[in-house]
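Student: What follows is a structure written as structure tokens; I'll ask about it next.
Bear in mind these aren't lab numbers, they're just calculated from the coordinates by the rules spelled out. Not measured: the values here are computed from a predicted model. Quick reminder, even Gly has a Cβ in these numbers, built from the backbone with ideal geometry, and neighbours come from all protein chains shown.
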Amino acid sequence: MSTDLNNLQEIYRHRVLEHSKHPHNFRRPTDANREAVGFNPLCGDKITVYLQLDGDQISDIAFEGSGCAISVASASMMTEAIRGQSVPEAGELITTAQNIFATGASADHKALAELEALAGVSKYRSRIKCAALAWSTATAALSGTSKQITTEK
Ligand code: ZN
């Protein structure tokens, strides 16, 4: 058998580290017309998500902030998954991503294939919040109703 679980986990860890060290879309877009801040006080993750909405289309999405490797990697993957999607499509992707983090379900959507690397967080309750933060913050930015969200009430 060539499928070695340890090797797989090694690859996933590598993907998470890659994204956290060199996050994609880590910037503040000049044309952003929506933004929201997400805060996870349990870990100290703080992420601002910026969106450029053109009608129903997310023409740009980026983020800034700091946090643990999981929160930053997840934010990086989130921007890649959601850029260019319509608002309803983005909503579906976010719901699916949150489910992957919570249950460890496999990512059956092409745009979410990278999230396979983060599915392991489902085993650690505190880590689920780190992974989910950027996606919840994107929801807040999309809805335009809340400027700041937190994982704790
Ligand atoms: Zn964290």
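Student: Say we look at the stretch 41-52 and pick out the residues that are surrounded by fewer than 24 Cβ atoms within 10 Å (Cβ to Cβ) and touching a residue at least 40 places away in the same chain (Cβ under 8 Å); which of these is nearest to the ligand (Cβ to nearest atom)?
Tutor: C43
Student: For the stretch 89-112, give me each residue that is in contact with a strand residue (DSSP E or B) (Cβ under 8 Å, 6 or more places away or on another chain) and within 16 Å of the ligand (Cβ to nearest atom).
Tutor: Across the stretch 89-112, there are no qualifying residues.
Student: Just to be sure before I move on: is T137 within 11 Å of the chain's Cα centre (by Cα), among the polar types (S, T, N, Q) and within 16 Å of the ligand (Cβ to nearest atom) in the structure I sent?
Tutor: Yes; evaluated as a whole, the condition is true for this residue.
Student: Any residue in the stretch 63-77 that is part of a strand (DSSP E or B) sitting within a Cβ distance under 9 Å of a residue that is within 9 Å of the ligand (Cβ to nearest atom)? List the pairs, counting only those 6 or more apart or interchain.
Tutor: Once the first residue is part of a strand (DSSP E or B) and sits in the stretch 63-77, its partners that are within 9 Å of the ligand (Cβ to nearest atom) give F63/V72; G65/D45; G65/S71; G65/V72; S66/G44; S66/D45; S66/V72.
Student: Within the stretch 113-134, take every residue that is within 11 Å of the ligand (Cβ to nearest atom) and of a type outside the set (G, A, S) and give me the one that is surrounded by the most Cβ atoms within 10 Å (Cβ to Cβ).
Tutor: L133
Residue-by-condition table, conditions (1) of a type in the set (A, V, I, L, M); (2) assigned to a helix (DSSP H, G or I); (3) over 25 Å from R27 (Cβ atoms):
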site: T96; (1), (2), (3): no, yes, yes
site: A107; (1), (2), (3): yes, no, yes
site: A111; (1), (2), (3): yes, yes, no
site: A119; (1), (2), (3): yes, yes, yes
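Student: Limited to the stretch 54-88, what total is found for residues that are touching a Leu at 6+ places or on another chain (Cβ under 8 Å) and more than 16 Å from the ligand (Cβ to nearest atom)?
Tutor: So the count comes out to 8.
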